[in-house]
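So the structure is just underneath, and the comments pick up after that.
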Amino acid sequence: MKRKIIILLAACVAAAPLQAQNLEFGGLTYNNDLMMSTDFAALSRSHPFGTARVMGMGGAFTSLGADLSSMSINPAGLGMYRRNEFSLTPLLSVAHGQTQGAPSWVGNNKTRFAFANVGVALNVFESPASPLTSLTLGIGMNRIADFNTRYSFSSESRYDPSKPDQLMPTIADVFGQQLGQDGIFPDDKGNLGYNWNPWYWPAILGYNGYLISDVGGQWVPDCIGRNASVVHSMDVVSQGSINEFAVSMGANFNNVVYVGATIGIRSVYKKVGMTYQEEYGYFDANGHATPAVDKNGTPLNAQLDYMSLYQESKIDGSGVDFKLGVIVRPVAGLRLGVAFHTPTYYWLDRSYRADIESHLINNKTEDDQYNFDSTPRQDDIGGNSWDFVSPSRLLFGASYTFGNLAIVSVDYEREWYNGIRVKNVPEGADFHPEAYKAEFKNNYKGTNTLRAGVEVRPLPILAVRLGGGYTDSMFKDRQQYYNSPSVYESYYITGGLGINLGRNTVLDVAYQMFAQGKNKLELTALHLTVGSDVNPLHTDNFEEVSFGPILYGAKKLGIQIQTRYEVSNNAGVDICSIVNNEGYDFLLVGSGISMSNTPDDIAASHYRASFYNRYFKRFKAPESWFYPGALLKDKTKMFIEQSNCPVGVFVNRNFVKASNVIVVIDSEEDLFLLGYAQTLLKSTHGSASVLDKSSSTTPGNEVIKEGILRFTEDVKQTTLLREKDLTPQSFNGFNFMLISYKTWNDVSEHRKEALQKMPSTLILSK
């Protein structure tokens, strides 16, 4: 006898991102009392982080949508979702920095592991018959910027014997000029404390480290000889990020126009550590090492051999912005998108500290003296915080889908850095908001960013992604010297692989349930796409991709399987029609599959509302969010009640093999389960236990007892459980359960706590 079985499929995608960046840096700082204009500009830059797919395609997603990163790019993309989705994307970033015109001092690479995206999309409303086709709520976190970089440089100022009066430039000269011009000198006891503005703290450190001395009311580097050659080196290590916590809503109008909005709350953390070092070597006219001497050639009593200045700045705070977007699909395959990001209003606190270390050699005694001093931590908190408004952003995007073989996407972005405004500065700051306004207006400009990405599917289960982007300089004159490290321009290349893992568990269940008759088995895999998301002209290409994983699984199992792919606007009705009209003997469906999108699917709507309430209101173990009874009642009720053939609903709880089976019998009608159990055990060579819930008052009690006894006698490795009801302990040692639809409804209503511990389950209708 040939058995004709149809199974209903779904698919999931997993991907792994890889990202590399190259940045060109310029500028230097010896002091960080102020937040410079470049600090605000750096906090305003965005990067193409997000889900693996977005990063793999270079962030060119203004027009593509149906991705959780859409919340931070173009929220209209949420409107393209036709199902719920949870996403968690790890990130491995590799950053490389360059300093033009100087060799590196230490390694300029910095590798960092983080999470680029985590979020959930909830399809809260669907009505294909109305102009408003669907609404999708998005909640999640996207990484907006990453500050994990490192760069360094080293240079040498060599002593020239032909110019004996020329002292090689050192940081001591800068410190001496700064203190002298502002009339800052030690007290009568020779102490110079940190009661001055933090602007002077690095110079005060220089005094405490013996880089400079007060000689007759003048600051001089009296421990650095006139015959010094100086090696300068600097290492800048930055870490931190800007993460955006977004709440978005996307709307779908007739599967042609999509609109969306996002409110974003940003969390900012940036720590920059700067180490500046000088090493001093002293030479005579012949280039031979010699003690340090003054301008008269007299050896110094003490000479500096080495100094190291470390400065650390931390910035943390928050910000808020809004995003609006539109995506239009004028023709099949083509998508056009535009998004506007309002300026982000930031509230920031910062802190600063520094320390110095120096090595002094006494030329008379040859004693070594190591000196160390550290500043207090300077904080800007409360009403003294830094508040500023970042640039607004305008994004345009276009993409084209070549069936399901390839996608090409291009984005253009304009960002106005000359529009940055500082709204509040700490009390006593040397710069005021108007000064920053003039700085941005006179020296900054808008930037242009181009992004492009491509996705190609060489195999049905494999997607190869490549992307990149370029942003030009925000400075009107990129040769202008700025007082803090800054990014002139940036470019990046990204890549990634996407692997369609599929959901082959349903196929595995079908194989294990009916393996004994597999030579006479006509097995069909059905995949229905709801709505008009798929161009009917390209259904063949979509079918190839959708069935790639299950065909691979069928080949491994050694079974033949037919595939069937259709586009439908009422999946539930169409599935039942296919099953009833084409003579199928059995319908097997996964409980998590999407159901009808029609307004009359009231049960599904109730399920979604129930699930959302439980998801956000119950914060216990994951089992407490999952009530399988509702899952069946609301999502697969139509299949069971309207199909003419038996229906199996599979609830996957980490299914591998049905080797230890529990069969639940509650009435005479449930005895048909024993036949399925017998077939299952023949293929799995496992064991089964029967839980008899019936009592002496149950109609047909004697028939139930006789049927169970016959089963335990005829089938090896079967037992009758002592307990009469389902409890959480009932499932100990079992990895699979067989239960009837009728009994399930009763159990799921009155034994919810027990079902939280249930194994993978097949719910069967007779």
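FYI, it's all coordinate maths here, none of it is from the lab. Worth saying up front: this structure is predicted, and the values here are computed from it rather than measured. Every residue, glycine among them, receives a Cβ derived from its backbone with ideal geometry; neighbour counts consider all protein chains shown.
Under 8 Å for C-alpha pairs, at least 6 residues apart: give me the relative contact order for region 653-766, rounded to a whole percent.
This gives 34 percent for region 653-766.
Please list the non-local residues whose amide H lies under 5 Å from the amide H of Asn448, H modeled 1.01 Å from N, same-chain partners needing a gap of 5 or more.
Asp472
Which ³J(HN,Hα) values, rounded to whole Hz and listed in residue order, are derived for region 352-366 from phi using the Karplus coefficients 6.51, -1.76 and 1.60 in 6.51 cos²θ - 1.76 cosθ + 1.60 with θ = phi - 60°, glycine and proline given as x?
In residue order, the calculated couplings are 8, 8, 8, 8, 9, 9, 9, 10, 10, 10, 7, 5, 7, 9, 6 Hz.
Enumerate the amide H contacts of Arg421 below 5 Å, restricted to partners 5 or more residues apart or on another chain; note that Pro and chain-start residues carry no placed amide H.
Result for Arg421 returns Val389.
Could I get the Rg over Rh figure for region 288-344? Both from C-alpha atoms, Rh via Kirkwood, rounded to two places.
1.67
Please report, in cubic angstrom per residue, the volume enclosed by the convex hull of the alpha-carbon atoms of region 148-292.
Working: hull volume 29.6 nm³, N = 145.
So the per-residue hull volume is 204 Å³.
Scan around Thr718 for amide H atoms under 5 Å from its own, H built in the peptide plane at 1.01 Å from N, and keep only partners 5 or more places away or cross-chain.
Ala688
Tyr194 to Phe372: FRET efficiency via 1/(1 + (r/R0)^6), r the Cβ-Cβ distance, R0 22 Å, to the nearest 0.05?
0.90
At 10 °C and 1.306 mPa s, what whole-number value in µm²/s does Stokes-Einstein give for the translational diffusion of region 704-766, with Rh from the Kirkwood sum over Cα pairs?
122
Mean 1/r over all different Cα pairs, inverted: what Kirkwood radius does region 653-766 give, in Å?
Values: mean 1/r = 0.0713 Å⁻¹.
In region 653-766 this quantity evaluates to 14.0 Å.
On each of the three principal axes of the Cα atoms of region 43-89, give max minus min coordinate, whole Å, ordered largest first.
Extents along the principal axes, in whole Å: 34, 20, 18.
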